[in-house]
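Below is one structure, written out as structure tokens, with a few remarks after it.
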Amino acid sequence: MTVCPVNNFHKMNLKRFCYILISLTMVVAQRAAAQNEAQFSDYTRLKSFYNPAVSGTDGMLNVAAAYAMQFVGFDNAPKTLYVGADMPVYFLNPHHGAGVSLFSDDFGIFNQQKISLQYAYNMKIAKNTKLAIGAQFGMITEKIDASGIKLEDPSDPAFPTSAVNGNHVDLGAGIYVYNPKFWGGISSMHLTAPLIEMNERYQYQIDRMYYLMGGCNIRLKNTFLTLQPSFLVMTDMDYWREDIQCKLKYEWDGKAMFIGAGYSPDVSATFMIGGNFHGVSLCYSYQMYTSGIDMVNGSHELSLVYQTELDLFKKGRNKHKSVRFL
């Protein structure tokens, strides 16, 4: 992402700007400069956040919420909220899916909000395996509010003296392949790389983002245990982040508990614990940064997913193992 005043202010030093305004470390500044989307630790249960083709693919109603507090201990550290819902929509025989989501990301003087609608079309490509193609249409709003910042020179034209904001249409698309044992997909968000004009002086460039993700479900023989390895790669073609993760899940009598760990090279290690009970799944994650930041200044995340079957047609039509909790 790039934030800059227009005309004579294009050459403003963004690193100096972020340092003065939010007093965070270089790692946090890198997040502001290189990533437009927040990174959730529990990405396997929030797939539709990264790929609109996931919407409605498991034949169930899914409602998900996640809240992350990053770089705990720093002033003006990022706080991210996501709420989304998706479900299948059956008509004319094929399997259609639809979803809606709300997203808010506060980062110092910056705030991003987005509301999105998703649609996915599913087709069978092999036994028990389907391919989904999805699209996302949304409206994204960017806001800068530097009114609470004290500057040496209050008349410095590089800094807005009051809140400024703007919005723009935002598009995304993705492809998703899935069956009860594995899943994977590729997607892109901010397809048009929208340029948001906040007023006659300030504009905000959002970079196009690409995601590659996948995982599988490995049932350990003669036990109630399941291994669920997965990966997520995200990039804007300048910045790259890779995450690998594995959960160990114990299931019994319709209930489940799981623990997991993940690693992102040169960024962080993640630990998580959670469980499923009567269609509700709760997970707590802690992301510990491996460079530049103390262990206690990591990120806390809480995610909640509610899932229920939809008995819209004859009994058994939607009956299959969900991959949403992989």
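The values are calculated or read from the model by the stated rules, or taken from the named source; none is laboratory data. All figures in this text were calculated on a predicted structure; none of them were measured in a lab. Every residue, glycine among them, receives a Cβ derived from its backbone with ideal geometry; neighbour counts consider all protein chains shown. The area values use the complete protein model at the heavy-atom level, side chains included, leaving out ligands, DNA and RNA. Shrake-Rupley method; radii C 1.70, N 1.55, O 1.52, S 1.80 Å.
So here's what we get for this one:
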{"read-out": "Tally of residues being open to solvent by less than 70 Å² (accessible area, probe 1.4 Å) and of a type in the set (A, V, I, L, M) across segment 290-311", "value": "3"}
{"read-out": "Residues (on the phi < 0 side of the Ramachandran plot and either open to solvent by less than 60 Å² (accessible area, probe 1.4 Å) or out of contact with any Leu (no Cβ under 8 Å at 6 or more places or on another chain) (or both)) located in segment 232-242", "value": "LEU232, VAL233, MET234, THR235, ASP236, ASP238, TYR239, TRP240, ARG241"}
{"read-out": "Entirely in segment 167-208, the strands (runs of 3 or more DSSP E) that have 1 or more residues that are small (Gly, Ala, Ser) and crowded, with 16+ Cβ neighbours inside 10 Å", "value": "182-189"}
{"read-out": "Matching residues in segment 138-191 - criterion: being hydroxyl-bearing (Ser, Thr, Tyr) and either within 30 Å of THR226 (Cβ to Cβ) or at pLDDT below 90 (or both)", "value": "SER147, SER155, THR161, SER162, TYR176, TYR178, SER187"}
{"read-out": "Test: PHE40 is modelled with pLDDT of 85 or more, buried (at least 17 other Cβ atoms within 10 Å of the Cβ) and not in a strand (DSSP E or B)", "value": "yes"}
{"read-out": "Candidates LYS247, LYS255 - the one that is surrounded by 13 or more Cβ atoms within 10 Å (Cβ to Cβ), of a type outside the set (Asp, Glu) and at negative phi", "value": "LYS247"}
{"read-out": "Selected residue (criterion: most open to solvent (accessible area, probe 1.4 Å)) from residues of segment 275-289 that are farther than 18 Å from GLN39 by Cβ and either out of contact with any strand residue (DSSP E or B) (no Cβ under 8 Å at 6 or more places or on another chain) or touching a residue at least 24 places away in the same chain (Cβ under 8 Å) (or both)", "value": "HIS278"}
{"read-out": "GLN245 vs. criteria in contact with a Leu (Cβ under 6 Å, 6 or more places away or on another chain), touching a residue at least 40 places away in the same chain (Cβ under 8 Å) and under 22 Å from ASP42 (Cβ atoms)", "value": "no"}
{"read-out": "Candidate set from segment 67-124 (those that are closer than 21 Å to PRO194 by Cβ and of a type in the set (S, T, N, Q)); member that is surrounded by the most Cβ atoms within 10 Å (Cβ to Cβ)", "value": "GLN118"}
{"read-out": "Residue that is modelled with the lowest pLDDT, among those in segment 24-37 that are under 11 Å from MET234 (Cβ atoms) and over 8 Å from the mean Cα position of the chain (by Cα)", "value": "ALA34"}
